[in-house]
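Heads up, the thing below is written out as structure tokens.
The values are calculated or read from the model by the stated rules, or taken from the named source; none is laboratory data. Predicted model, so just to flag it, every value in this text is computed and none were measured. Counting neighbours? That spans all protein chains shown, and the Cβs are built from the backbone with ideal geometry, glycine included. Side chains included, ligands, DNA and RNA excluded: accessible areas come from the protein's heavy atoms. Shrake-Rupley method; radii C 1.70, N 1.55, O 1.52, S 1.80 Å.
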Amino acid sequence: MISSPSKIYLSQSSLANNLDFIRQQLGDEVLLSSVVKGNAYGHGIAQFVPMAEQCGIRHFSVFCADEAHQVKEVSSEKSDIMIMGDIANEDLSWAIENGIEFFVFEFDRLIEAADIAKSLGVKAKVHIEVETGLNRTGFDKHSLTELAEVLIKKAEHLSLEGICTHLAGAESIANHVRIKKQLSVFNQTVKWLKKKDIHPKKKHTACSAAAMTYPKTRMDMVRIGILQYGFWPGPETFIHFLGKQKAENKQDPLKRVIKWKSTVMSTKSIARGEFIGYGNSYLAHQDMRVATVPVGYSHGYSRVLSNQGRALINNTRVGVIGLVNMNMMMLDVTEVDVSKGDEVILIGGDNGLEISVASFGELSNQLNYELLTRLPYRIPRIITK
Ligand SMILES: *Cc1c(COP(=O)(O)O)cnc(C)c1O
């Protein structure tokens, strides 16, 4: 086996901890759908889905048909799979035959799905997505009459698994009014359809931030992504949560599932006054020791972290110096005893010290979401206790 420059480790016990916490927040009545789009937020669908199934998860949400296919390949529990976004009409028969659930948000897909289901002699499992104010996808109020007609006409070929919407930024208090409006539009739509005798099985609107901050959004099912991986959707959601806890419980209940590690490739002494790396972005202000790590922006380590990122070596936090290259970065190890082959932690922690993606996020104005999902497919993923 040829080894790779870095490896990702996934902690089964951290995932169990996070899912327990989320379930405890939700209570027993709300179904938890595990969102694994974006290659399970960079964790790896192939590894993450069986890990989640081991914790009792039986419903997964993905963005597109291709991801649904990946989940199906690795699911050993015949879990339900729901596509929230893209599926080409050509792939609808595959989805319907395999009992994959999917959002419908326009007539083309809805009618095509019903017709394919009819020809296959099965029902298409659909979730009706309602436009409530995100203005991205969903049936808006002007199309409701026609929607009801189609649903009634094609009822024989459709299994209405759910009715849903997506909220426009529940992680920020600035969107409070907009979200309240969205909920009200959603509830009115559900009521309107009920009068037409259309009764989708599950109502669902909440992502991680909404489920934590607005309990009314939980309804029958929540679509939880970022929280299960041990990250907060943003600082406001975390602060809101802490605010509701008793003094003795004011701590982060989540544990990072991911740890991203590499090793020191080489070390070098640099004289004061020299520039380090390309161009003149870093000037050695003293005699320095530098460690080179074989991870760069092609491996998902953002260039924005040039001169800003942090890593852990031998239990010490060290800084990235100079520009992040395509395949390498340099760390300032002047104060640390480091040699070739020593372990470098790029995300995650040991012994209480931790490199969080969120701290990068603040530094680089990027969200956890983006940094995680940029982790390439080809980095090996290893499941640990
Ligand atoms: C990504 C996504 C979610 C999950 O969002 P998190 O903030 O990661 O919990 C839920 N619903 C939809 C429609 C999504 O696209």
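Each residue of the range 275-284 in turn: what ³J(HN,Hα) in whole Hz from Karplus with 6.51, -1.76, 1.60 and θ = phi - 60°, glycine and Pro shown as x?
Going residue by residue, I get 7, 10, x, 4, x, 10, 6, 9, 10, 5 Hz, with x marking Gly and Pro.
Of the accessible area of the range 258-355, with the probe set at 1.4 angstrom, what percent is carbon plus sulfur? Walk me through the numbers on the way to the answer.
On the way: 2120 of 4620 Å².
About 46 percent, which is the carbon plus sulfur part of the accessible surface.
Which percent of the Cα-Cα distances in the range 202-326 go past 24 Å? Could you put the intermediate results ahead of the total?
On the way: 3935 of 7750 pairs.
Within the range 202-326, distances greater than 24 Å cover 51 percent of Cα pairs.
With Kirkwood's inverse mean 1/r over C-alpha pairs for Rh, give me the Rg to Rh ratio of the range 258-355, two decimals please. Don't skip to the end; give the middle numbers.
Numbers: Rg = 12.4 Å, Rh = 13.2 Å.
Computed over Cα atoms, the ratio is 0.94.
Setting aside same-chain residues fewer than 8 positions from residue 78, which aspartates and glutamates have a Cα under 12 Å from its Cα?
Filter leaves 53.
Probe of 1.4 angstrom, ligands and nucleic acids ignored: what's the accessible area per residue over the chain, in square angstrom? Walk me through the numbers before you get to the answer.
Working: 18080 Å² over 385 residues.
Result: 47 Å² per residue.
What does DSSP give for the chain in terms of the percent of beta bridges that are antiparallel, rounded to the nearest 5?
Numbers: 30 of 61 bridges.
Counting DSSP beta bridges with both partners in the chain, the antiparallel share is about 50 percent.
Using amide H atoms built 1.01 Å from N in the peptide plane, name the residues 5+ places from residue 61, or on other chains, whose amide H lies under 5 Å from its own.
Amide H to amide H, under 5 Å and 5 or more residues apart or across chains, residue 61 pairs with 34, 35, 36, 82.
Determine, at each q value in 0.06, 0.07, 0.09 (inverse angstroms), the log₁₀ of I(q)/I(0) that the Debye formula gives when each Cα of the chain is one equal point scatterer.
Scattering profile of the chain, log10 relative to I(0): -0.28, -0.38, -0.60.
So, in nm, how far is label residue 86 from label residue 327 when the simple model puts each one 7 Å beyond its Cα toward the Cβ?
In this crude label model, residue 86 to residue 327 measures out at 3.0 nm.
How tilted is helix 12-26 with respect to the longest principal axis of the chain? Cα atoms for both, answer in degrees (0 to 90, nearest 10).
40
In a Debye calculation with equal point scatterers on the alpha-carbon sites of the range 1-148 and no solvent, what is log10 I(q)/I(0) at q = 0.08, 0.16, 0.19, 0.20 Å⁻¹?
Taking Cα atoms of the range 1-148 as identical point scatterers yields -0.28, -0.95, -1.17, -1.23.
For the range 127-132, just list the computed ³J(HN,Hα) in residue order, Karplus coefficients 6.51, -1.76 and 1.60, θ = phi - 60°, integers in Hz, with x standing in for Gly and Pro.
Whole-Hz 3J(HN,Hα) from phi for the range 127-132: 10, 7, 8, 9, 6, 10.
For helix 65-74, report the angle its Cα long axis makes with the longest principal axis of the Cα atoms of the chain; keep it between 0 and 90° and round to the nearest 10°.
Value to nearest ten degrees: 70.
Taking the Cα centre of the range 59-102 as the origin, how large is its charge dipole in debye, to the nearest 20, when only Lys and Arg (+1) and Asp and Glu (-1) carry charge on their Cβ atoms? Can you show the working numbers first?
Details: 2 positive and 10 negative charges, 27 e Å.
In total the dipole reaches around 140 debye.
For a quick check: with amide H placed at 1.01 Å from N, whose amide H comes under 5 Å from residue 130's, ignoring anything fewer than 5 positions away on the same chain?
For residue 130, the qualifying residues are 139, 164, 165.
So how long is each side of the range 297-336 along the principal axes, counting just the alpha-carbon atoms, biggest first, in Å?
Cα extents, longest axis first: 27, 16, 13 Å.
Rounded to the nearest 10 degrees, what's the angle between the helix 107-120 long axis and the longest principal axis of the chain, both from Cα atoms, 0 to 90?
For helix 107-120, the angle is close to 70 degrees.
Any idea what the relative contact order of the chain is, in percent, if you count C-alpha pairs under 8 Å spaced at least 6 apart? Walk me through the numbers on the way to the answer.
On the way: 789 pairs, mean separation 71.6, N = 385.
Reported as a whole number, the value is 19 percent.
Taking the range 201-317, how many lysine pairs are there with alpha carbons less than 28 Å apart, if each pair must be eight or more places apart or span two chains?
12
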